[in-house]
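Derivation of every value follows stated rules applied to the coordinates shown; laboratory data play no part. Values in this document were obtained by computation on a predicted structure and should not be read as measured data. We place every Cβ from the backbone using ideal geometry, glycine too, and count neighbours over all the protein chains shown.
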Amino acid sequence: MPDYQLYCFAQSGNAYRAALMLNLIGARWKPQWIDFFGAGVQRTSDYRDGINEMGEVPVLEIDGKKRLTQSAVILTYLARHAGKYLPNGEDEELEALRWMIFDNQKVNGFLGPYRFLKNFAKPPGDPAVMGFLKGRIDGNLAIVNKRLQKAPFMLGARPTIADVSMCAYLFYPGEEYGFDLRKDHPAISSWLDRVKALPGWAHPYDLMPGYPFGTQLLNGKPAA
Ligand SMILES: N[C@@H](CCC(=O)N[C@@H](CS)C(=O)NCC(=O)O)C(=O)O
C-alpha cells in the first residue's frame, strides 16, 4: 500500500472522514497539520496555487506524487485501492454517492458551520442564523435516523464509504453543539456504536493534530 499524508486539523469533521477511512483500511499514513484558525494557511496563495485551489482540507497526498481533495473523492479512491468499505456494483455505488452528496450538503454540511459558529467564530453566530441551521440539522438528521431504523448501516448489512462519510462531525463532543444528537436520534446513536466497534476506529481528536484548540498537539500529546 502507498504512503499517505493527510492535510487536516483536529476540529475538521470533513477531514475526519478521510482520517477515519485511512485508519479503518489499515493504511500507513501521517497527518500534516494545517493551521486553519491561526495563520489561515488554507487562504494563502501558496496553498491555493500549490495544494488545493478550493482552499479546503482534507487533501490526501499519495506517495508524495498525487493529491486528491473532496472527502467523497478521497473515500472512493481509498475504498477502490484497498478493496474495503467499497459499495458492491453499480446500484450500490450510486446509492453511496447519493448519501455522500446528501451528507456533504445537508447533514454534516450544516453541522460543521453550526459547530464553527458556536465554538470558534468571533463574534459567535447570530441567533437567527443558529436557529436556521439547527432546524435544518434536526430535519436532516431525522432523515438519516429513519434510514438507519431499517438497516444496521447506510446501505444495508455492511459498512461502506457512505457510513464513513456520514461520521464527519458526529463523534465530536455533545458540548460542542449544545444538544445531544444521540438522544434526539436513537437509530443514529446505535449506528455510531456499531461504527465505533469497527477495527481501526478512533476519535477525531486522537487522529488529527490541533487539539486542544490552538495547539499542534494530538489530543494533548506531541504528534509523532
Ligand atoms: N465537501 C468538502 C468540504 C471541505 C471543507 O469545507 N473543509 C473545511 C474545513 S472543515 C474548509 O477547508 N473550509 C475552508 C473554506 O470553506 O474556506 C469535503 O468533504 O472535503
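Tabulated results
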{"item": "GNM top mover of D184, D35, D91 - the chain, alpha-carbon springs below 10 Å", "result": "D91"}
{"item": "Computed lengthening from E176 to A128, 0.36 nm per intervening residue step minus Cα-Cα distance", "result": "15.4 nm"}
{"item": "Cβ-based net charge around R28, under 13 Å, with every Lys or Arg adding one and every Asp or Glu removing one", "result": "-2"}
{"item": "Dipole magnitude (debye, nearest 20) for region 1-108, charges at Cβ of Lys, Arg, Asp, Glu", "result": "240"}
{"item": "Cβ-based exposure ranking for K196, K221, K106, in which fewest neighbours within 10 Å come first", "result": "K221, K196, K106"}
{"item": "Partners for K122 among lysines (Cα-Cα distance below 30 Å; same-chain residues under 8 apart left out)", "result": "K106, K134, K183, K221"}
{"item": "Those lysines that a straight Cα-Cα span of less than 26 Å connects to K66, excepting residues fewer than 8 apart in one chain", "result": "K30, K84"}
{"item": "Candidate aspartates and glutamates for bridging to K118, where Cα separation is under 17 Å - those fewer than 8 sequence places away on the same chain excluded", "result": "D126, D138, E175, E176, D180"}
{"item": "Gaussian network model of the chain, springs between alpha carbon atoms under 10 Å - residue of T160, T69, T44 with greatest fluctuation", "result": "T44"}
{"item": "Dipole magnitude of the chain about its Cα centre (Cβ charges: Lys, Arg +1; Asp, Glu -1), debye to nearest 20", "result": "280"}
{"item": "Loop-located trypsin sites (Lys or Arg not before Pro) in region 17-89, at most 13 other Cβ atoms within 10 Å (DSSP)", "result": "K65"}
